[in-house]
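Here is the structure we will look at, set down as structure tokens.
The values are calculated or read from the model by the stated rules, or taken from the named source; none is laboratory data. Keep in mind the model is a prediction, meaning the values are calculated, not measured. As a convention, Cβ positions derive from the backbone with ideal geometry for all residues, glycine included, and neighbour counts pool all protein chains shown.
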Amino acid sequence: MSGDAGEAFGGLRPPRIGAGLPAVDLVAGRPLLFVMAAPEEYGPALRARITPLMAGIGPVEAAVAVTAALTRLESAGALPLAVVSLGSAGSRHLEQGGVYQAQSVSYRDMDVSALGFPRGLTPGLDLPAELALAPHVPGIPLARLSSGAAIVSGGDYDAIDADMVDMETHAVCRACLGFGLPLIGLRGISDGAEPLSGFMDWTRYLAEIDLRLAAAVDLLSAAVAEGLLG
């Protein structure tokens, strides 16, 4: 990680588990929990629309933060109707700066194939390697998503069976499954067309992605008003 990257993430602190109830946004009158990872992804257009749980970067931080948040909300009788995970993603072939919704998510770090299990499948869980996500917001293109703890760049994409990659959505999905909540995944493509060489290669499209994710939130609001979540 470059010096710029260290300075940018140096102020990010994990949310305190006992720090009160997370903010739940009312979208078309329905309570939704929005989840993001990094402050760099939370631009002015999104700030005007939502107050997300800033869960931190990577699957471990996301799993801890979202599970803790949903536990507190459930204890208060205030569970949302759904969770929305949004932020950036990488892709070698999707439009750079474009926004897509995850039709499914897999966990690329899980590999117990040396013991005879299919890659991506978690032993002991009655779950497929690729988890389908629903509902889908009309007007936002669908793509298959892969989550993992490592940044993907260049030739790393050769080993990934998905359209785009991130670091948190699978962990958020697993937390949602534990509470019986649907998950909507919205991702803006920040990188992947070329190998990453520094922090600025990730941030280049974030301002554009902020605007497009905000437009996606508006589409979500319209869909919720039309009965997307019942």
Query raised in the report: Before we move on, is Gly124 without any contact (Cβ under 8 Å) to a residue 12 or more places away in the chain and not aliphatic (A, V, I, L, M)?
Result: yes
**Report entry** Criterion: surrounded by 15 or more Cβ atoms within 10 Å (Cβ to Cβ), among the aliphatic types (A, V, I, L, M), within 20 Å of Ala216 (Cα to Cα) and modelled with pLDDT of 95 or more - qualifying residue of Val152, Val137
**Finding:** Val137
Query raised in the report: Just one of Val165, Val152, Val224 is of a type in the set (A, V, I, L, M) and touching a Lys or Arg at 6+ places or on another chain (Cβ under 6 Å); which is it?
Result: Val224
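Quick one: would you say Ser147 is on the phi < 0 side of the Ramachandran plot, among the hydroxyl-bearing types (Ser, Thr, Tyr) and either without any contact (Cβ under 8 Å) to a residue 60 or more places away in the chain or surrounded by fewer than 18 Cβ atoms within 10 Å (Cβ to Cβ) (or both)? Before you say what the answer is, go through the steps one by one.
Working: on the phi < 0 side of the Ramachandran plot: yes; among the hydroxyl-bearing types (Ser, Thr, Tyr): yes; either without any contact (Cβ under 8 Å) to a residue 60 or more places away in the chain or surrounded by fewer than 18 Cβ atoms within 10 Å (Cβ to Cβ) (or both): no.
In short, no.
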Query - Residues that are farther than 15 Å from Val172 by Cβ and touching a Phe, Trp or Tyr at 6+ places or on another chain (Cβ under 8 Å), drawn from the stretch 51-78 - result: Thr51, Glu74
Query raised in the report: Could we say that Arg92 is of a type in the set (Lys, Arg), at pLDDT 95 or above and assigned to a loop (DSSP other than H, G, I, E, B) here?
Result: yes
**Report entry** Matching option when the condition is buried (at least 22 other Cβ atoms within 10 Å of the Cβ), in contact (Cβ under 8 Å) with a residue 24 or more places away in the chain and either over 18 Å from Ser146 (Cα atoms) or of a type in the set (A, V, I, L, M) (or both), among Leu206, Leu181, Leu186
**Finding:** Leu186
Query raised in the report: Can you find even one residue in the stretch 30-44 that is among the aliphatic types (A, V, I, L, M) and over 18 Å from the mean Cα position of the chain (by Cα)?
Result: no
Query raised in the report: Conditions: (1) assigned to a strand (DSSP E or B); (2) surrounded by fewer than 20 Cβ atoms within 10 Å (Cβ to Cβ). Pro195 meets all but one. Number of the miss?
Result: (1)
Query raised in the report: How about the stretch 83-113: which of its residues are touching an Asp or Glu at 6+ places or on another chain (Cβ under 6 Å), surrounded by 23 or more Cβ atoms within 10 Å (Cβ to Cβ) and not hydroxyl-bearing (Ser, Thr, Tyr)?
Result: Gly87, Ala89, Gly90
Requested in this report: Could you tell me which numbered condition Ala143 fails, if it satisfies all but one of (1) modelled with pLDDT of 90 or more; (2) part of a loop (DSSP other than H, G, I, E, B)?
Outcome: (2)
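In this structure, is Ala65 part of a helix (DSSP H, G or I), at negative phi and modelled with pLDDT under 95? Write out each step before concluding.
Numbers: part of a helix (DSSP H, G or I): yes; at negative phi: yes; modelled with pLDDT under 95: no.
No; evaluated as a whole, the condition is false for this residue.
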Requested in this report: Could you grab the pairs with beta carbons closer than 6 Å, sequence gap of 6+ or different chains, first residue in the stretch 75-99 and under 15 Å from Leu21 (Cα atoms), second one modelled with pLDDT under 95?
Outcome: Ala76/Leu21
Query raised in the report: If you go through the stretch 219-227 one residue at a time, do you hit one that is in contact (Cβ under 8 Å) with a residue 40 or more places away in the chain, in contact with a helix residue (DSSP H, G or I) (Cβ under 9 Å, 6 or more places away or on another chain) and surrounded by fewer than 16 Cβ atoms within 10 Å (Cβ to Cβ)?
Result: no
**Report entry** Scope the stretch 182-201; condition in contact with a Leu (Cβ under 7 Å, 6 or more places away or on another chain) and of a type in the set (Gly, Ala, Ser); matching residues
**Finding:** Gly185, Gly188, Ser190
